[in-house]
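See structure below.
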Amino acid sequence: MQSISNPALTTGNLNGLTLKNRLIKAGTFENLSPNGIPGTELLNFHKKFARGGIAMTTIGYCAVENAGRLNANMLTMHEDYREDLRLLVQGIQDQGCKVSGQMGHCGAFSKNHTLKGRPKGPRGGLNILGFAEGMWFCDAMTLSDIDHLVNAYSEAATFMKSVGFDALEIHFGHGYGLCQFLSPLTNKRKDNYGGSLANRLRLPLRVLAAVREAVGSDFPILGKISMSEGPRGGIRYEDSIKICKALDEAGIDAIIPSNGTSTMSPMLMFRGESILPALLRYEKNRLMRIILKLMGRAMFPTLPFYELYLLEQAKRIREVVKCKMVYIGGAASAENFTQILDAGFDFIQLGRTLLADPDLPQILAEKPDYKSRCTHCNQCVGTIESPQGIHCPVFFGGAQS
Ligand SMILES: Cc1cc2nc3c(=O)[nH]c(=O)nc-3n(C[C@H](O)[C@H](O)[C@H](O)COP(=O)(O)O)c2cc1C
C-alpha cells in the first residue's frame, strides 16, 4: 500500500494518533441508523472505505444530545447506544482504520419529531427546516440553555472517547448550531454571546474548551468550519481567518475549512450540478416539494465544478495557523493530493470521491495516475433522504438521467 511516489499514502500524525496515510473519509450523514440506532448497515458502509485503504473514517453527524438532531434517524451520543456504538467503532477499527466522530448540534432548525418543545438557537423565529413539517418556530437560547449545551458537548466527548473513537470532529460550520452563533446573520443576540466576533466566538470556544477538558490534551480534536456562508451579512472569508486563529490558539489539533451552509448555500460546499433534482427525487413532504419547486433554482444554482475548488481560500488559513490543516473540497486524484500536501496541508478529507470510489487509496497504490470517476453530479446529496442510505446512484445503482 505504501508508495514513495505518492505522498498521500505516507503516514501522518494527529496529536499522537498515527494515521497510515493522509486520506480521511469526510463526515457524510449516512442515513443508515433508523430511529437513531447504529447497526450493521452503518458498519458495512464504513467498512467499505476502511477496506479500501483510508486511514480514518468519520461517522457523520453524531448529535451531542437528542435536541441536536435534525431528524430522528440521526445518532445521539448517549448511554442508550453504548454497545451499538462500541460494536460500530470496533468493527471499523478491526479493518485497520481509525474512527472519528463528527460532533453536531442543529441549533435553531430541526425536523426531529421526537424533540420535546421547540429547537433553540441564538435567536427565536422560524424553524426553516421543520416549517413544512409543522414544527414552525424556534426559540432563543437562554444563558442556562447555553451552559446546558456546553455540558452536552462535554458529556458527549467523554462518552465518545470511552466508546473507543480515535478522534472527535466538532462541527463549527454548515449553518448548524455553533455556526449559527459564529454567524452575524443568524446571531443577533444583545448579550455576551452576540455582536462582536469575540462575542460570537464565545460559545464555540467554550465548547472546544469543554471537549478538550473531557478528552484530555493528548486526544485529537478536529474542527470543521465554513469559510464563508454566502448570503450577504453572513460569515466572510476575512472572518473565518480570525475564527481559525482563535480555534488554533485555543488548542484545536486540526481545522477542516469547508464552505457554505446546508440550508442557505449548499452549492458553495459542493459546486457541480444543482442538488435540486436530487432533493426532489426523495422529498416526500408536499409543502417542502412546493417550496423546493418555487425557490430551489435560486437556492441551489449549478456552480461550475473545478478540482480543489476551496484550495486558494484554504491556503490563506494555512498561512495563519500552527495546527494541522485538513483539506476538503473536490480532491480526486494523486496529482490533487500532491498539490494539497505541497501547499502545506497535512491530511485530505474526501466525501463524494469515496462514495464513487470507496477503495481509492488501494487503486492509487497500484495505478498512481487514476482519477476518481466521481462526476460531481451531486445525485448522492439527495440520497441523504433515501431509504437505502447515502450512496452514489451513478455507480452503485438508482441513477436517474
Ligand atoms: C451525501 C452527503 C452527505 C454529507 N453530510 C455531511 C455531514 O453530515 N456533515 C458534514 O460536515 N458534511 C457533510 N457533507 C459534506 C462533505 O463532508 C464535504 O464537505 C463535501 O462533500 C465536499 O467535499 P467533497 O468534494 O470531497 O465531496 C455531506 C456530503 C454529501 C455528498
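Table for the structure above
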quantity	calculated
Debye intensity ratio I(q)/I(0), log10, region 361-401, q values 0.18, 0.33 Å⁻¹ (C-alpha model)	-0.60, -1.09
Lys/Arg +1, Asp/Glu -1 at C-beta; region 148-216 dipole; positive extreme among Asn187, Ser162, Pro204	Asn187
Whole-number accessible area per residue in Å² for the chain, which is evaluated in the context of all protein chains at 1.4 Å	40
For Tyr309, solvent-accessible area (1.4 Å; no DNA, RNA or ligand), Å²	10
Options Val321, Gln362, Gly175, ranked by Cα towards positive dipole end of the chain, top entry (Cβ charges)	Gly175
Carbon + sulfur, % of accessible area of region 281-372 - ligands and nucleic acids excluded, 1.4 Å	53
Surrounding net charge for Cys377, when Lys and Arg each add one and Asp and Glu each subtract one, Cβ distance under 14 Å	+3
Among Thr261, Ile235, Ile290 - extreme Cα towards positive end, dipole of region 217-292, charges at beta-carbon	Ile290
Rounded to the nearest 20 debye, dipole of region 254-395 from Cβ charges on Lys, Arg, Asp, Glu	660
Highest-fluctuation residue, Met299, Met103, Met325 considered, GNM on the chain with Cα pairs under 10 Å	Met299
Region 123-149 and region 270-335: distance between their alpha carbon centers, rounded to Å	25
Distance between region 163-188 and region 1-60 - C-alpha centres, whole angstrom	21
Entries in Lys20/Lys324; Lys25/Lys161; Lys48/Lys293; Lys48/Lys284; Lys161/Lys224 that, when Cα-Cα distance is taken, lie over 24 Å	Lys48/Lys293; Lys48/Lys284
Region 45-60 - phi-based ³J(HN,Hα) in whole Hz, Karplus 6.51/-1.76/1.60, Gly and Pro as x	4, 6, 4, 4, 6, 4, 5, x, x, 5, 7, 8, 10, 10, 6, x
Choice from Ile37, Ile291, Ile390 showing the highest fluctuation, given a GNM over the chain with Cα pairs closer than 10 Å	Ile291
In order through region 313-324: 3J(HN,Hα) via Karplus (6.51 cos²θ - 1.76 cosθ + 1.60), integer Hz, x for Gly, Pro	5, 5, 4, 5, 6, 3, 5, 10, 10, 9, 5, 5
Solvent accessible area, Å² - Arg51, 1.4 Å probe, full protein context	130
Size of electric dipole in region 15-107: Cβ of Lys, Arg +1 and of Asp, Glu -1, about Cα centre, debye, nearest 20	540
Descending semi-axes in Å of region 98-194, equivalent ellipsoid built from Cα gyration tensor	24, 16, 13
Selected from His148, His376, His78 as most flexible by GNM, with the chain as the system and alpha-carbon contacts under 10 Å	His148
Rounded to the nearest 10 Å², the accessible area of Leu280 at probe 1.4 Å	40
Given charges at beta-carbon only (K, R positive; D, E negative), |dipole| of the chain in Debye	980
Using distinct alpha-carbon pairs, which all enter the 1/r mean, Kirkwood radius of region 1-153 in Å	17.0
Protein accessible area in region 1-114, 1.4 Å probe - carbon and sulfur %	51
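The values are calculated or read from the model by the stated rules, or taken from the named source; none is laboratory data. No experiment lies behind these values; they were computed from the predicted model shown. Every residue, glycine among them, receives a Cβ derived from its backbone with ideal geometry; neighbour counts consider all protein chains shown. Accessible surface areas use protein heavy atoms only, side chains included; no ligands, DNA or RNA. Shrake-Rupley method; radii C 1.70, N 1.55, O 1.52, S 1.80 Å.
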